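Structure first, then comments.
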Amino acid sequence: MKTLFKIFFLFSFAFFLASCASSTESLQRATAQQIGNTRLQDVTIYNVKRGVSTVSWYAKTPNGCYECDADDMVRQVNCVKVGCDSLKMTGPEK
């Protein structure tokens, strides 16, 4: 029983750390660094989708809109510029 509890605790802790890695602020930072010439405060994040090992989101900046994805720790970020009109953005992430 103790072993099962330890496994559950470690799994829960790992999930918690992964969800913290893809917080709104970390996604803003990653987007600003990836596209360059953009301040963190100028990036608005929309439609965050977290998977088991990936996270994807839309970002709106003064220079346009981007569709981004990364690994669950937001290390390998890829952002592609897209038309803002074509995105179905729901409210910004808090």
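The values are calculated or read from the model by the stated rules, or taken from the named source; none is laboratory data. From a predicted model like this one, the values you see are computed outputs, not experimental measurements. With ideal geometry, Cβ positions are generated from the backbone for all residues, glycine too; neighbour counts draw on all protein chains shown.
Within the stretch 39-73, the set of residues being farther than 14 Å from GLU25 by Cα and assigned to a loop (DSSP other than H, G, I, E, B) comprises GLY51, VAL52, SER53, PRO62, ASN63, ASP72. Looking only at the stretch 74-94, residues that are acidic (Asp, Glu) and either farther than 14 Å from SER23 by Cβ or in a strand (DSSP E or B) (or both) come to 1 in all.
The single condition among (1) loosely packed, with under 12 Cβ neighbours inside 10 Å; (2) β-branched (Val, Ile, Thr); (3) modelled with pLDDT of 95 or more that THR3 does not satisfy is (3). Just one of (1) at pLDDT 95 or above; (2) surrounded by 14 or more Cβ atoms within 10 Å (Cβ to Cβ) fails for ARG39. It is (2). Need the failing condition index for ARG75 against (1) loosely packed, with under 14 Cβ neighbours inside 10 Å; (2) at pLDDT 95 or above, just the number. Of (1) loosely packed, with under 14 Cβ neighbours inside 10 Å; (2) at pLDDT 95 or above, only one is false for ARG75: (2).
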